[in-house]
């Protein structure tokens with residue numbers, strides 16, 4: 001059952017409430033009277049109902065979508081705009097529900113609230129009227145998330161509420177924010193295994209690699225043949241049996257499919273934990289001492305440069321933020337408390353009278369900051385290596401495999417010497433009492449002796 005008013009009240013982001021407390025809604029509701037009046041004309045028998053049965057709900061959506069897509073005359077064009085606004089009102093309610101649901105499911109564990117998500121997906125201000133205007137105003141559909149939802153909506157296959165909920169959970173910026181800032185992945189174990197990277201395979205034992213290869217041989221084949229896209233479901237009983245049959249000649253025996261399923265889940269969980277608690281990997285055996293010494297000589301300066309760039313950009317963004325600008329004066333002092341005085345984020349919150357640790361986390365975004373610094377250091381060192389080999393000009397030629405090997409060398413080198421320990425230090429529930437990593441030393445140097453640009 002849904003509320004009929006969902007079709008004529010538009011929920012819009014309310015940045016002012018972000019500055020009050022986490023208990024605020026983060027949005028405001030605007031009643032669109034012309035939409036309500038037209039809705040009553042189109043659906044006179046049910047417009048007065050407070051709650052709509054799901055069957056009526058689906059019929060309404062199909063009718064509104066038909067009006068929205070019909071623009072053959074001046075009158076139908078206005079009807080199209082009104083129908084579109086009605087659907088967008090409904091979508092805005094479903095988006096808010098999806099953000100609240102994610103916060104209820106994972107917020108306490110990962111340290112976020114619905115306010116951390118709403119501004120990413122509740123982007124409709126009611127001004128843009130049609131798909132054509134979306135195309136004129138943006139090259140990407142995601143600033144106008146409602147348009148992306150409606151373009152792919154098929155009322156014969158799903159209700160708009162569930163469809164919006166699904167696409168909200170898949171929204172690129174939302175999933176990226178959950179992962180980078182809070183360490184939460186919404187990908188299923190089967191999605192992780194299906195998309196495993198080569199460097200991740202190398203961290204597995206020989207038997208685990210065989211298991212994953214058997215999984216790929218069956219699971220990827222079936223998805224390809226069935227034209228499957230999107231969420232990766234749990235493998236079926238027949239798929240698990242075929243995997244077991246493939247593993248048997250290799251001397252890997254699972255007496256029951258449940259055993260293999262548990263093993264696959266264990267491998268997927270290991271892959272997830274690698275991201276911020278990665279297994280230490282030695283550089284490839286073919287990397288020479290000369291290469292590593294050359295990297296050491298340039299790494300320190302690249303890290304300091306990246307720290308300066310990222311912190312300056314983050315401070316500037318805070319200063320311009322509609323809801324976090326008041327906290328910008330505390331940004332660098334908070335980092336000094338953490339990296340120079342070994343204070344926790346809860347202690348930082350007390351020091352500056354900030355509501356709680358979660359709000360400090362949203363202000364500092366340490367995981368995102370570390371990822372951005374790593375990316376910049378990686379880019380700088382790659383440029384230096386290519387220049388050293390005279391391969392960054394139009395005349396330079398680098399074999400694709402050689403380039404992949406170079407990227408892998410740099411990635412492993414930086415993770416082992418810098419970023420593994422740095423990530424462990426800022427992970428949730430860290431065991432470190434002091435910030436002693438190489439990265440923390442560089443951060444302390446910058447915070448004590450340098451100023452942002």
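Okay, here's what the table says:
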quantity	calculated
Relative exposure of 102, 261, judged by other C-beta atoms within 10 Å (fewest first)	261, 102
Computed over region 35-127, the ratio Rg/Rh where both radii use C-alpha atoms and Rh is Kirkwood	1.09
For region 189-274: relative contact order, % (alpha-carbon pairs under 8 angstrom, 6 or more apart)	45
Fewest-first ranking of 196, 267, 91, using other Cβ atoms within 10 Å as the exposure measure	196, 267, 91
Principal axis box of region 189-274, alpha-carbon based, largest edge first, Å	33, 30, 19
Order of 48, 259 - criterion: other Cβ atoms within 10 Å of each residue's Cβ, fewest first	48, 259
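Every read-out reported here was derived from the displayed coordinates using simple, explicitly stated rules and does not represent laboratory data. Model, not experiment: these values are computed from the prediction. Neighbour counts are summed over all protein chains in view; Cβ atoms, including those assigned to glycine, are modelled from backbone coordinates with ideal geometry.
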